[in-house]
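Below is one structure, written out as structure tokens, with a few remarks after it.
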Amino acid sequence: MTTDVVERPPQTPPAPPAASPPVTGRMRPTVIADSAGGMWAWLLQRVTAVVLIIGLLTHLVATHIFNIGHLSYLNIGDRLGSTFFVVIDVSLLAAAIFHGLNGARMVVLDYWLESRAGRRALSIALWVFGSAVFAYGLWALWPWISR
Amino acid sequence: MTPVDAAATNVGAGNWKGLGMWAWLLFRVAGIVLVVYLFAHIGVISTARLGGRSTLNSAFDLFDHPLFVLLDLLLVWAVLFHALNGVRILLMDFGLGIHRHKLVFAACMAVAVISLGFFAFKAFAYIAAHHAGGLGGLI
């Protein structure tokens, strides 16, 4: 790529598209670019982003601005005693795990895993891992929620 | 060279010259920091169930140290930058402000910096109130 853009020659008409190479186990570059990540993951990433903006704002303001001072087991329990904060915290848990793991997946897909099988394996592994972390997080919060 | 030419030479002249590329890089770095923090956070909170409430309370005692309060502030910056740059990305997805990219970015960053100010004020007030030496406790 030239770095001397100021003096570049007048634009030539685009070359006709090259014939697609045969599809083997690896995705063609154009297909990778078109489908990187997938539509549903893209959409869910946006939906969880909105959940996180609202939820994290509530979470951070409640914890650090209107605060409760020194955090402790008991004052976390006071906050989680209200249905409102249970809904906020549990939806934050789910949204943050999806958003974080899908974001990490997008970083991985930018550099590695060009084969369909590898991409699918990564997605399945992350769904299994994410579901386990969500279940663990819910288990950890349960003594407060069920009080 | 006119300002328009100067802006145009950024296109294809090396990705690292554009403001957007730095926004992208910081967005990604903040995202990775946040996903690591998320799992650490779940781990710390779960010690209440794993080791009992005193385990969690002693973790909170540790986090009261001024150094951890400052790290919290850094974390708040990661959240704010990632969230507000994310707002810009959402707006672009809806086709809003596409011709005003840098203005939208500047507006988002203004919101992020002002919000950080609130959290910084709270953090330093907290350190001052709970640690006699203030930040001197760090040294």
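Some observations on this one:
- Meets criteria (crowded, with 17+ Cβ neighbours inside 10 Å and within 9 Å of chain A (Cβ to nearest Cβ)) for B:I45: yes
- In the stretch A:28-46, the residues that are at pLDDT 50 or above reach residues that are part of a helix (DSSP H, G or I) and among the basic types (K, R) with C-beta atoms within less than 9 angstrom, at least six apart or across chains, in these pairs: A:G37/A:R105; A:G38/A:R119; A:A41/A:R105.
Conditions tested, residue by residue: (1) surrounded by 19 or more Cβ atoms within 10 Å (Cβ to Cβ); (2) β-branched (V, I, T); (3) within 12 Å of chain A (Cβ to nearest Cβ).
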position	(1), (2), (3)
B:F63	no, no, yes
B:F68	no, no, yes
B:L71	no, no, no
B:L80	yes, no, yes
B:M92	no, no, yes
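- Failed item in (1) within 14 Å of chain B (Cβ to nearest Cβ); (2) surrounded by fewer than 15 Cβ atoms within 10 Å (Cβ to Cβ); (3) farther than 16 Å from A:W42 by Cα, with A:V107 passing the rest: (3)
- Cross-chain or 6+ apart pairs with Cβ under 7 Å, the stretch A:77-98 first and modelled with pLDDT under 90, then not in a helix (DSSP H, G or I): A:G77/A:R147; A:G81/A:R147
- Within the stretch A:64-93, tally of residues that are β-branched (V, I, T), at the interface with chain B (Cβ under 10 Å from one of its Cβ atoms) and more than 12 Å from A:W144 (Cα to Cα): 1
Conditions (1) modelled with pLDDT under 90; (2) loosely packed, with under 15 Cβ neighbours inside 10 Å; (3) in contact with a strand residue (DSSP E or B) (Cβ under 8 Å, 6 or more places away or on another chain), marked per residue:
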position: A:I68; (1), (2), (3): yes, yes, no
position: A:N102; (1), (2), (3): no, no, no
position: A:L113; (1), (2), (3): yes, no, no
position: A:F129; (1), (2), (3): no, yes, no
position: A:L141; (1), (2), (3): no, no, no
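- Count of residues meeting criterion [farther than 24 Å from B:I89 by Cα and modelled with pLDDT under 90] in the stretch B:10-46: 0
- Residue list for the stretch A:99-116, filter: without any contact (Cβ under 8 Å) to a residue 60 or more places away in the chain and within 8 Å of the chain's Cα centre (by Cα): A:H99, A:G100, A:L101, A:G103, A:A104
Yes or no, residue by residue, for (1) among the hydroxyl-bearing types (S, T, Y); (2) within 18 Å of B:R49 (Cβ to Cβ):
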| site | (1), (2) |
| --- | --- |
| A:W40 | no, no |
| A:V50 | no, no |
| A:G55 | no, no |
| A:T58 | yes, no |
| A:S72 | yes, yes |
| A:R79 | no, yes |
| A:S91 | yes, no |
| A:H99 | no, no |
| A:R105 | no, no |
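- Some residue of the stretch A:120-138 being facing chain B (nearest Cβ under 8 Å) and within 23 Å of B:V79 (Cα to Cα): yes
- Test set (1) crowded, with 19+ Cβ neighbours inside 10 Å; (2) among the aliphatic types (A, V, I, L, M); (3) over 19 Å from B:V111 (Cα atoms) - A:V90 fails condition number: (1)
The values are calculated or read from the model by the stated rules, or taken from the named source; none is laboratory data. If you're wondering where the values come from, they're calculated on a predicted model, not measured in any experiment. FYI the Cβ positions are ideal-geometry reconstructions off the backbone, even for glycines, and counts take in every protein chain you see.
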